[in-house]
Amino acid sequence: MASFPVVALEMGTSKVRALVGEEREDGYLMVIGVGEAPSRGVRKGEIMDFENALACAESVLTLAEEQSKVSINYVNMVITGGHIRSVINRGTVPVLEAEGEITEEAIERVSEMARAISLPNDRDVLHTIHQQFYVDDQEGVVNPEGMVGARLTASMLIMHGVRNRVVTFQKLAQSAKVDVDSCAFSGLCAALAVLTPEQKESGCVVLDLGAGTTDYVVYADRCIAAAGCIAVGGDHITNDLAMVLNIPLQQSEKLKIDVGVNADKAAFEQPVIIPPSGGFSGRSVRLRDVYDIIDARLDELLDMIMADIERHGLKKQLGAGVVLTGGGAYMKNVVPYIGDKWHMPCAIGRPKNVSGIAVATEGPEFAATIGMLRYALRHSDESSRQGLKGFFTRLFGR
Amino acid sequence: MIVGVGGAGLHVVNVLLKQDMDYPPMVVVDTDGRALEHSMAPQRLQIGTGVTEGLSTGGDADLGRRAANEDFVKIRELFSDTDMVLLVAGLGGGVGSGALPVLAQTARDEGALVISMVSMPLALEGQDRRDVADRAIELAGRASHTMICHELPEAKQQDDPDNQDAALPSVLDATAQLVGLRIRVLWKLLEQPGLFSVDFAGLRHVIQEAGRRCFMFTAEASGKNRASLIVKRIKQQMTGADITLEESGGVMLGFLGPEDLTLAEMELIVREITADMPAGTRRQIGVALESQARSTMQAIVLAGGKNEHKPEEPATPSDVTAGAKRPGYLKSPIQKEIEFDTMKGARGRFNNVEPTFHNGEDLDTPTYIRRGMKLSR
């Protein structure tokens with residue numbers, strides 16, 4: 001018997017998507033319904049025009065309902081936005097047992113401490129994810145239960161966001177007559193969909209190049225070592241081209257995907273013809289300029305992300321390199337470009353172990369929504385069995 | 001709060017404590033237990049006992065970083081409830097280069113305004129230490145709100161020619177004294193409201209205009225001719241460091257003086273020092289008074305190095321001028337360059353959207369425009 005169907009809803013900057021999926025007995029995720037529509041009213045991952053966004057959400061939910069023959073009452077929302085931050089928090093407790101043996105209770109206490117963080121009034125915790133334990137000076141302990149030591153430290157990655165913006169997403173769903181079961185950060189969802197255990201083990205970055213935001217999640221030593229979101233995405237590249245070359249947005253969108261990036265710009269003096277359309281009379285621009293403009297933007301974005309990775313001292317731990325998801329992965333030459341810039345392997349990440357409707361199971365742009373389905377399936381599973389206790393560990397950790 | 005980080009930081013804090021002045025809380029942070037014992041600071045934090053076993057890092061910046069990470073919790077406690085943190089360190093070593101970025105980031109995350117004040121290693125310490133220092137400047141510069149980086153005068157550049165033969169301990173001590181003096185004036189300026197105050201935002205602005213690496217000059221003098229003496233000393237230092245303000249992107253002048261400081265004196269100093277600066281350059285002037293200073297007046301000049309961000313003046317192509325000389329010659333029309341200056345701050349489709357700021361730059365404006373790049377002809 002397949003599991004109960006779950007629904008994931010992603011209000012992206014360029015596309016709004018709803019997926020219905022169920023888990024088969026062999027562990028495969030079966031996508032049975034897809035709704036997709038161009039997004040309106042969302043900028044940089046955040047809702048700017050509630051009415052339009054609501055109309056989009058309603059239409060994709062209807063599409064997904066019709067295809068899957070499931071009536072949708074609950075959704076799981078993928079959220080993103082430049083306001084989402086991560087911080088590493090640690091808690092330490094002395095081990096009080098007679099022989100210094102670490103019990104489940106001590107682990108519970110130290111985790112509680114590492115989870116406790118004081119945030120500004122307007123922020124809420126989105127996720128708390130176990131990283132690793134330290135027993136005295138021993139680093140990288142996976143499960144300290146039964147070990148012996150004098151003090152136990154736990155480190156926890158805490159993701160938090162501005163409460164009102166998260167609530168706006170939930171309110172949107174409620175206005176579309178569905179309840180929100182859970183919310184998850186889109187970077188984590190994408191990682192959940194595309195990574196193999198080997199990649200998590202050897203360390204990698206999942207780079208979700210969305211239209212409005214770029215989300216990243218860094219795995220090192222099988223735990224999430226860093227995560228973040230920068231409110232710069234494919235839309236910015238389109239806008240840059242349109243502004244600097246003075247061409248319409250539709251034309252620059254096409255130019256971005258077809259021409260793409262190239263770090264070696266010197267040799268490209270030939271022109272690119274931009275065809276006329278609706279009032280715009282057509283134009284020719286130099287290929288080199290297009291490369292320059294896109295390169296400047298992408299370079300800056302990658303530098304910002306690498307700065308954060310280096311700040312955590314993680315650059316040397318990324319054996320499996322970069323995994324690209326999101327619509328930005330379709331940009332021409334972006335894979336070798338990032339690989340060369342960061343001197344590490346780079347590949348497009350496609351959702352793993354998924355079957356069902358083909359469009360939704362193959363492309364990197366579906367990674368976050370598919371990941372949300374996985375998240376939701378385990379979520380409902382775990383919460384019915386043993387409550388929420390420690391489930392993030394199992395889900396994101398190992 | 002003033003925090004001395006690593007060996008050099010400890011030394012500077014000692015020097016500051018010897019001076020008689022009410023300072024904010026002082027803390028020293030190091031891995032080396034013995035060095036900490038010798039510090040006079042009221043609060044001492046030993047980090048990384050697990051990684052270094054209480055010894056020094058031996059100049060290993062990676063060890064310094066790990067030490068700070070190990071005692072992350074203690075560091076965070078240290079910075080809770082602090083509004084402003086001044087981190088003082090010498091770069092090139094283990095704790096100063098490795099732990100400083102972690103400390104800066106932690107303090108910032110705790111909601112404090114963070115100024116890092118670092119000195120570069122001397123040239124004789126070798127290129128590898130300077131490389132380590134450059135790396136630390138990158139990291140700590142990003143983590144702190146503002147960074148002041150000063151090159152210390154080399155022996156040959158000391159303004160006093162007698163110092164050529166000075167014994168090493170006294171030179172090192174003089175160096176620490178110098179840094180101490182700078183901190184003292186800077187802190188007074190930031191802390192004392194009123195008069196001509198330099199606030200944090202003003203300071204940050206000057207440093208940003210100036211680029212990441214600032215030069216700092218200090219002088220003190222007393223007596224009737226104190227103003228002209230100060231001008232003379234600062235100019236000497238500038239010549240020594242091979243700096244002219246002509247190329248500097250911004251400058252801050254700060255005065256710490258007795259209550260009889262006159263406007264004429266300030267005017268003289270400002271006029272003399274900024275004489276060769278271009279008219280449009282940003283300057284900030286701050287004055288703080290100290291009642292017990294008697295007649296000693298102190299001044300600091302904080303100046304940026306070469307402003308590297310300034311777009312180059314486009315050279316006039318020679319064929320255009322040649323063409324102009326021959327009126328009968330028909331030139332093919334040349335596409336005019338789009339004036340990007342008028343587009344500064346332009347955001348296109350993101351016009352009505354909340355801007356995304358990173359290091360003071362609006363990321364919604366195309367990078368191409370922000371970096372002052374030009375379309376090829």
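The set of residues in the range A:197-219 being assigned to a strand (DSSP E or B) and within 20 Å of A:Asp303 (Cβ to Cβ) consists of A:Cys204, A:Val205, A:Val206, A:Leu207, A:Asp208, A:Leu209, A:Thr214, A:Asp215, A:Tyr216, A:Val217, A:Val218. Check the range B:45-61 and report whether any residue there is farther than 22 Å from A:Tyr134 by Cβ and modelled with pLDDT of 85 or more. No, because not a single residue in the range B:45-61 is farther than 22 Å from A:Tyr134 by Cβ and modelled with pLDDT of 85 or more. What number of residues within the range A:103-145 are among the hydrophobic types (A, V, I, L, M, F, W, C), in contact with a helix residue (DSSP H, G or I) (Cβ under 9 Å, 6 or more places away or on another chain) and farther than 20 Å from A:Ala220 by Cα? So the answer is 2.
Do you know which of the residues in the range A:94-116 that are assigned to a loop (DSSP other than H, G, I, E, B) and over 27 Å from the mean Cα position of the chain (by Cα) is nearest to B:Phe72 (Cα to Cα)? Please lay out each step first, then the result.
Taking the range A:94-116 first, the residues assigned to a loop (DSSP other than H, G, I, E, B) are A:95-100, A:102-103, A:116.
Those left that are additionally over 27 Å from the mean Cα position of the chain (by Cα): A:95-100, A:102-103.
On the way: A:Val95: 19, A:Leu96: 23, A:Glu97: 25, A:Ala98: 28, A:Glu99: 27, A:Gly100: 24, A:Ile102: 22, A:Thr103: 24 Å.
Residue satisfying both the conditions and the ranking: A:Val95.
Here A:Ser71, A:Ser14 are screened, and the one residue that is modelled with pLDDT of 90 or more, touching a Pro at 6+ places or on another chain (Cβ under 8 Å) and of a type in the set (Ser, Thr, Tyr) is A:Ser14.
Filtering the range B:21-38 down to residues that are under 25 Å from the mean Cα position of the chain (by Cα) and free of Cβ contacts under 8 Å to residues at least 40 places away in the same chain, which residue is farthest from the other protein chains (Cβ to nearest Cβ)?
Within the range B:21-38, the first condition is being under 25 Å from the mean Cα position of the chain (by Cα), and the residues that meet it are B:21-30.
Now narrow it down to the ones that are free of Cβ contacts under 8 Å to residues at least 40 places away in the same chain: B:22, B:25-26, B:28.
Numbers: B:Asp22: 31, B:Pro25: 22, B:Met26: 26, B:Val28: 23 Å.
Out of the qualifying residues, it is B:Asp22.
Among the candidates A:Gly27, A:Gly91, A:Gly81, the residue that is within 14 Å of chain B (Cβ to nearest Cβ) and not in a strand (DSSP E or B) is uniquely A:Gly81. Within the range A:223-259, the residues that satisfy the criterion of being more than 10 Å from chain B (Cβ to nearest Cβ) and surrounded by fewer than 19 Cβ atoms within 10 Å (Cβ to Cβ) are A:Ile247, A:Pro248, A:Gln250, A:Lys254, A:Ile257, A:Asp258.
Filtered by the rule that a residue be of a type in the set (S, T, N, Q) and under 17 Å from B:Gln105 (Cα atoms), the range B:52-78 gives a lone residue, B:Asn69.
Exactly one residue out of B:Ser170, B:Ser222 is modelled with pLDDT of 80 or more and not aliphatic (A, V, I, L, M): that is B:Ser222.
The one condition from (1) free of Cβ contacts under 8 Å to residues at least 40 places away in the same chain; (2) over 30 Å from B:Gly348 (Cβ atoms) that A:Gly41 does not meet is (2).
Restricting attention to the range A:108-156 and to residues that are in contact (Cβ under 8 Å) with a residue 60 or more places away in the chain and within 13 Å of another protein chain (Cβ to nearest Cβ), the residue that is surrounded by the fewest Cβ atoms within 10 Å (Cβ to Cβ) turns out to be A:Gly140. Is it fair to say A:Leu29 is out of contact with any Gly (no Cβ under 6 Å at 6 or more places or on another chain), under 19 Å from A:Ala368 (Cβ atoms), surrounded by 15 or more Cβ atoms within 10 Å (Cβ to Cβ) and of a type in the set (A, V, I, L, M, F, W, C)? No, not satisfied.
Evaluated against (1) modelled with pLDDT of 90 or more; (2) surrounded by fewer than 23 Cβ atoms within 10 Å (Cβ to Cβ), A:Val95 falls short on exactly one condition, (1). So how many residues does the range A:278-305 have that are surrounded by fewer than 16 Cβ atoms within 10 Å (Cβ to Cβ) and closer than 19 Å to A:Gly233 by Cβ? Residues meeting the conditions: 1.
Select from the range A:346-383 the residues that are in a strand (DSSP E or B) and of a type in the set (Val, Ile, Thr) and write down the one among them that is modelled with the lowest pLDDT. Before you say what the answer is, go through the steps one by one.
Of the residues in the range A:346-383, the ones in a strand (DSSP E or B) are A:346-348, A:354-356.
In the following step, the residues that additionally are of a type in the set (Val, Ile, Thr) were identified as A:348, A:354.
Details: A:Ile348: 94, A:Val354: 88.
Only one residue fits best here, namely A:Val354.
Report yes if some residue within the range A:58-74 is among the basic types (Lys, Arg) and away from chain B (no Cβ under 14 Å); otherwise report no. Yes - at least one qualifying residue is present in the range A:58-74. How many residues are in a strand (DSSP E or B), within 12 Å of another protein chain (Cβ to nearest Cβ) and touching a strand residue (DSSP E or B) at 6+ places or on another chain (Cβ under 9 Å) if we restrict to the range A:31-45? Number of matching residues: 1.
The values are calculated or read from the model by the stated rules, or taken from the named source; none is laboratory data. Remember, it's a predicted structure, so these values are computed and weren't measured experimentally. Virtual Cβ from ideal backbone geometry, glycine too; neighbours counted across all protein chains shown.
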